Amino acid sequence: MSQFYPVLARGVVGCATALVLTGCQMMATGSAGSSASAIYSGADLLVLDERMKGELTTGSAINVKDGSRYQLYRLSLEPGDLVAVDLQGSFEGMLSLYDAENTLLMVDSPLRIRAEEGGEYAVVVSGETSDSYGPFSITASSIDLNDTGVLQVPGTTRGWLQSELRVYTLTVEKQAAYQIDVLSSDFDSVMAIDGPDGYYNENDDGSESGNASISDMFAPGEYTLTIGSYEGRQGLFDIEIATFEVDVTDTDVLTPGSEIEGWMGEEPESYSLTIEEEGEYQVEMRSTTLDSFLVIEGPDGFYAEDDDGGQHYNSRIVETLNPGVYQVSASRHPEAYPNRGVFTLSAERRRCESLEA
């Protein structure tokens, strides 16, 4: 198992109890409290995939602790059922889930529930304050998963994270660049990947949305993908896998008038550039996924660097270069995401007509 496993394990197991305790505090100040069981038997039954309408008014049941109003529903589940309960209304509200013993299980909106045991549950719609009134609709719907434990490329796998880490296998037939995203609106996803020849990678917030995302060049072989929640929450997630069309140029020599297509991994890529005739040269690094960063070093202490000198935040260096051998280092900005991706590196001599244009 990867070195990231202890972090994942602490995230899932260490915080599992905290979710229930937090829910109890929230219920004590803003929901039905002990009143739920009193009217449980007379509550309306939520039917899967059917929308029900209700309204919180001054005549609704009241929570004596804070004066908020609430309405109760019954939800019948079989073992293993995975259900989402969504609330829409004209007021700020929340949903609370109780079991048959009136034990609070969770507070959230929407609720996503995986029933460990079959039976009847209570769903409480409540206002966040004593001034929360108005009509609402509530819908309970089944959640379909296609989780087999084996990832397809390209493809999307929908799964559920409970109290255990989720582990998947990925088979890479030939070397290719992959992007793997773990997307969830229910929890802060983290993932780790182990593979052939000691390959290891991990990520927490690699995408702009804060979800886990890894882009890298994968060699052929079997990989293990481990998924967890940073804060220990449960919920629904999607694993999206896509491939990049990359024809990496197999060279470490950059020639004036040529282009190189490369892949940015953990370390900068270095190329040798030989200048035979003095003149003004333009060296440019372009990428649609990376925030490129370019460095050139050469004879007599020559040094130049650039981050956003080109179009669309690409790197571009224009300098007068004397004859000699230069080292061109192509990298990405250390604080930018993603930190891996495809790039194109080019060098050309700028002639008089280019300058006039």
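The values are calculated or read from the model by the stated rules, or taken from the named source; none is laboratory data. In this text the structure is predicted, and so the values were computed from the model without any measurement. In this analysis, Cβ positions are derived from the backbone assuming ideal geometry, glycine residues included, and neighbour counts consider all displayed protein chains. Quick note on the areas: whole protein, heavy atoms, side chains included, nothing else; ligands and nucleic acids left out. Shrake-Rupley method; radii C 1.70, N 1.55, O 1.52, S 1.80 Å.
Candidates in the range 47-64 are the residues that are of a type in the set (Val, Ile, Thr) and part of a loop (DSSP other than H, G, I, E, B); of these, the one that is surrounded by the fewest Cβ atoms within 10 Å (Cβ to Cβ) is Thr58. Within the range 178-218, the only residue that satisfies the criterion of being farther than 21 Å from Trp263 by Cβ, at pLDDT 90 or above and of a type in the set (D, E, K, R) is Asp188.
Flag not set for Ser287, criterion: on the phi < 0 side of the Ramachandran plot and surrounded by fewer than 17 Cβ atoms within 10 Å (Cβ to Cβ).
Being modelled with pLDDT under 90 and either open to solvent by 80 Å² or more (accessible area, probe 1.4 Å) or under 34 Å from the mean Cα position of the chain (by Cα) (or both) is the filter here; which residues of the range 65-81 pass it? Once the filter is applied, which keeps residues that are modelled with pLDDT under 90 and either open to solvent by 80 Å² or more (accessible area, probe 1.4 Å) or under 34 Å from the mean Cα position of the chain (by Cα) (or both), the range 65-81 yields Lys65, Gly80. Evaluating Ile180 against the criteria (1) open to solvent by 40 Å² or more (accessible area, probe 1.4 Å); (2) among the β-branched types (Val, Ile, Thr); (3) under 19 Å from Gly228 (Cβ atoms) leaves one unmet condition, (1). Any residue at all in the range 203-215 that is under 15 Å from Thr171 (Cα atoms), open to solvent by less than 20 Å² (accessible area, probe 1.4 Å) and out of contact with any Cys (no Cβ under 6 Å at 6 or more places or on another chain)? No, the range 203-215 contains no residue that is under 15 Å from Thr171 (Cα atoms), open to solvent by less than 20 Å² (accessible area, probe 1.4 Å) and out of contact with any Cys (no Cβ under 6 Å at 6 or more places or on another chain).
Scanning the range 118-129 for residues that are open to solvent by 50 Å² or more (accessible area, probe 1.4 Å) and either closer than 24 Å to Gly59 by Cβ or under 30 Å from the mean Cα position of the chain (by Cα) (or both) gives Glu128, Thr129. Once the range 183-202 is narrowed to residues that are surrounded by 15 or more Cβ atoms within 10 Å (Cβ to Cβ) and farther than 30 Å from Ala84 by Cβ, the residue that is farthest from the chain's Cα centre (by Cα) is Gly195. Screening the range 235-248 for residues that are touching a strand residue (DSSP E or B) at 6+ places or on another chain (Cβ under 7 Å) and modelled with pLDDT under 85 and picking the one that is least open to solvent (accessible area, probe 1.4 Å) gives Val246.
Within the range 259-284, being open to solvent by 40 Å² or more (accessible area, probe 1.4 Å) and either within 26 Å of Glu202 (Cα to Cα) or in a strand (DSSP E or B) (or both) holds for Glu259, Glu261, Glu266, Glu267, Pro268, Glu269, Ser270, Thr274, Glu280.
The residues in the range 216-231 that are open to solvent by less than 10 Å² (accessible area, probe 1.4 Å) and in contact with a Lys or Arg (Cβ under 9 Å, 6 or more places away or on another chain) can be counted, and the count is 4.
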